[in-house]
There are 2 protein chains.
Amino acid sequence: MNLLHIAHEEPSARLWSDRFIEQLTSLGDLHITENGGQLSEEALLERMRSADVLLTGWGSVAVPPALAREPGAVRYICHMTGTMRATVPLEVIEAGVPVTNWGDAPANQVAEGAMALLLGTLKDLHHHVVTKREGGWGIDVHRNGGSLRGLRVGVYGCGAVGRRFIEMLRPFRAEVLVFDPYEVALPEGCRRAETLEELFGSCSAVAIHAALTAETRRSVTAELLALLPDHGVLVNTARGDILDQEALFAELEAGRLRAGLDVLAGSDSLPRDHPARRWENLILTSHQVEWGWPDDYEPTSELLPLHEVCLANLRRFAAGEQLLHRMDRERYERST
Amino acid sequence: MNLLHIAHEEPSARLWSDRFIEQLTSLGDLHITENGGQLSEEALLERMRSADVLLTGWGSVAVPPALAREPGAVRYICHMTGTMRATVPLEVIEAGVPVTNWGDAPANQVAEGAMALLLGTLKDLHHHVVTKREGGWGIDVHRNGGSLRGLRVGVYGCGAVGRRFIEMLRPFRAEVLVFDPYEVALPEGCRRAETLEELFGSCSAVAIHAALTAETRRSVTAELLALLPDHGVLVNTARGDILDQEALFAELEAGRLRAGLDVLAGSDSLPRDHPARRWENLILTSHQVEWGWPDDYEPTSELLPLHEVCLANLRRFAAGEQLLHRMDRERYERST
């Protein structure tokens, strides 16, 4: 089988580890093209149509929609990462070319990042850092602080990430409430909130683990945020546009709530001089809190979860078996 | 039964909640004396000798050693918090007056604080905070970062705190190694390190949960720290003097290790202009990361664990039953 990756410039170092390339090479004929961003659409299409499988992901060129009409040899597009809106057009999926993504591969890392933000915000780490840097020492812990023990923690969205998060939260002995209109069975020991109003009205901390869809967009409104108690905590490692960011920022600026935000509305950034950068009740992690793999420490022979999903799917494809995490219109639109 | 607390100045607000006072009043005749620091030793002794039970803890005056020779009515000293070296002299214990402390009441909070520091350090939260405050955004996650998944985490000391920490760590799927010369049975799923050399030589992160004793004092040496891998993490929520702080600071200043320190050598503080305050690979929490009770958010009718231990012991004392967490010389010396 012919495997092709066309990088826009250089192939992503995070994605293309030696160990991964070695495994791919054992499965097929691997071609990696650099600087694909400089090719014309026709040249791109010609190269793509010669491969059995396109490997896309971080750093890929976009697949031209014209591939849908005339896919050539292409019988599978294995998107190695999450969102693919900028890379694989829906037309290709609707034309019947099988397309998959990493499914729940990042769930562990995102849930771990959410736990780091929840604990970091609850323990006022931004305030600790600033106090010490500026020559102070003790902080006023009567005002803020907090413990997960007995705390009511709301989880908005109970997919793969939400479930891992709840698993990690369990030994801290919080009371967990879950709002998820899609899920029937909740993890053991959780209570269901029937509405977002119930979730925000009952909890002292809320973690967002929902996908960004037309329904969830800006679903965390000023009214919901107002239901959280003083010094309540909001953690978002999902998508910034799920909440009304101006409303949250107003609560943070007033010192009423605390937040740990890995993601922000729009382009996931803030102007250089935005005052929110210095609010001590806010921890910002620039969509990176979920990064960091075990092998940052010691290079091992392990593959990352996203590599495992990709390799498993290529083996399934080669054997004519059903693919994991195959996209349709609904999943495509929810994969943000 | 006559219950007496003599505060040095004002009674500690953290200790003397309304709910606790209400419960104590239902058990006996409670007297709280303010500004005991202004009394002469003779006046203190006279007051103390009139009580059946002395309640000591944060904010107490010290019990004069002379009470050992002539305890008067005192038949029990209920020390409501942890270390008592500055408050209850060993002579009183050796004279046979029963003395107890909070036992494992703070274990949950200390373990939770250690988890906050472990995740905060691993996710480089100090560096994130500074980067954002100074107008930057993304950070170089290839250099540091990290995930607990598959990470080898060493636990130095497997008492009540170490066990809670291991419980909290479990769903993150780290590999846990434990060094504790006193403990026979380890929690499920952990591996024993026979020496500190093995612990530091095998792990990428180490959390200290040992008591400060003659044996553990400065037991984490420069040689042990040198065994940790680059960007390895040290977390200390136990006592600062367990480690060679100058050696750790040298590693931190060089950027080789990362640390989350709730406690420091000596008086648990740093000069206002100490450069360590600004090292982005260090999070300092001024012995407060374990503070913050669930009722910081919503005052409830719950009592804190330390209150529960105190009340349970007073009930046992009244019923002539065996007391919990009774001190002898060895426990006294290990209770730091």
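The values are calculated or read from the model by the stated rules, or taken from the named source; none is laboratory data. Since the structure is predicted, the reported quantities are computational estimates derived from the model, not experimental observations. Positions of Cβ are backbone-derived with ideal geometry, glycine not excepted, and every protein chain shown enters the neighbour counts. Please note that ligands, DNA and RNA were not included when accessible areas were found on the heavy atoms of the full protein model with its side chains. Shrake-Rupley method; radii C 1.70, N 1.55, O 1.52, S 1.80 Å.
Considered as a group, the residues in the range B:2-14 that are open to solvent by less than 40 Å² (accessible area, probe 1.4 Å) and modelled with pLDDT of 95 or more include one that is nearest to B:ALA318 (Cα to Cα), and that residue is B:LEU3. Residue count for the range A:122-163, restricted to those that are under 30 Å from A:ALA107 (Cβ atoms) and among the acidic types (Asp, Glu): 1.
Right, A:SER269: more than 9 Å from every other protein chain (Cβ to nearest Cβ) and at pLDDT below 95 or not? When the stated conditions are applied, A:SER269 does not pass them. The condition (being basic (Lys, Arg) and touching a residue at least 40 places away in the same chain (Cβ under 8 Å)) is satisfied by just one residue among B:ARG164, B:ARG149, B:ARG133, B:ARG173: B:ARG164.
B:GLY72 falls short on exactly one of the conditions (1) within 21 Å of B:ALA211 (Cβ to Cβ); (2) at pLDDT 95 or above, and that condition is (1).
For the range B:15-23, check the following and say yes or no: at least one residue is outside any loop (DSSP other than H, G, I, E, B), at pLDDT 95 or above and of a type in the set (Val, Ile, Thr). No, the range B:15-23 contains no residue that is outside any loop (DSSP other than H, G, I, E, B), at pLDDT 95 or above and of a type in the set (Val, Ile, Thr).
Taken over the range A:96-110, the residue count meeting the criterion of being assigned to a loop (DSSP other than H, G, I, E, B) and either at the interface with chain B (Cβ under 7 Å from one of its Cβ atoms) or more than 21 Å from A:ALA207 (Cα to Cα) (or both) is 5. Among the residues of the range B:239-260, the one identified as part of a helix (DSSP H, G or I), open to solvent by 30 Å² or more (accessible area, probe 1.4 Å) and of a type in the set (A, V, I, L, M, F, W, C) is B:ALA250. Considering each residue of the range A:167-188 in turn, none proves to be closer than 15 Å to A:LEU243 by Cα and among the aliphatic types (A, V, I, L, M). Tell me yes or no: at least one residue of the range B:140-154 is more than 8 Å from chain A (Cβ to nearest Cβ) and closer than 24 Å to A:ASP273 by Cβ. Yes. For the range A:47-63, filtering for residues that are out of contact with any Pro (no Cβ under 8 Å at 6 or more places or on another chain) and assigned to a loop (DSSP other than H, G, I, E, B) leaves 6.
(1) under 24 Å from B:ARG316 (Cα atoms); (2) open to solvent by less than 50 Å² (accessible area, probe 1.4 Å); (3) touching a Lys or Arg at 6+ places or on another chain (Cβ under 8 Å): which one isn't true of B:HIS79, the others all being true? Single failed check for B:HIS79: (3). Would you say B:ASN236 is under 19 Å from the mean Cα position of the chain (by Cα), open to solvent by less than 20 Å² (accessible area, probe 1.4 Å), at pLDDT 95 or above and away from chain A (no Cβ under 12 Å)? For B:ASN236, the condition - under 19 Å from the mean Cα position of the chain (by Cα), open to solvent by less than 20 Å² (accessible area, probe 1.4 Å), at pLDDT 95 or above and away from chain A (no Cβ under 12 Å) - is met.
In the range A:275-286, the residues that are facing another protein chain (nearest Cβ under 7 Å) reach residues that are open to solvent by 30 Å² or more (accessible area, probe 1.4 Å) and among the polar types (S, T, N, Q) with C-beta atoms within less than 8 angstrom, at least six apart or across chains, in these pairs: A:SER286/A:SER269.
Counting just the residues of the range A:207-219 that are of a type in the set (A, V, I, L, M) and surrounded by fewer than 24 Cβ atoms within 10 Å (Cβ to Cβ), which one comes out farthest from the other protein chains (Cβ to nearest Cβ)? The residue in question is A:ALA214.
Conditions tested, residue by residue: (1) within 13 Å of chain A (Cβ to nearest Cβ); (2) surrounded by fewer than 21 Cβ atoms within 10 Å (Cβ to Cβ); (3) modelled with pLDDT of 95 or more.
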| position | (1), (2), (3) |
| --- | --- |
| B:ILE166 | yes, no, yes |
| B:ARG173 | yes, yes, no |
| B:VAL178 | no, no, yes |
| B:VAL184 | no, yes, no |
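When B:ILE21 is tested against (1) within 24 Å of B:ALA319 (Cβ to Cβ); (2) among the β-branched types (Val, Ile, Thr); (3) open to solvent by less than 20 Å² (accessible area, probe 1.4 Å), only condition (3) is not met.
Listed by first and then second residue, the pairs linking a residue in the range B:48-69 that is without any contact (Cβ under 8 Å) to a residue 40 or more places away in the chain to a residue that is assigned to a loop (DSSP other than H, G, I, E, B) and open to solvent by 50 Å² or more (accessible area, probe 1.4 Å), with Cβ atoms under 9 Å apart and 6 or more places separating them unless they lie on different chains, are B:ARG49/B:GLU70; B:ARG49/B:GLY72; B:ALA62/B:HIS8; B:ALA62/B:ALA86; B:LEU67/B:ALA95; B:ALA68/B:ALA95; B:ARG69/B:ALA95.
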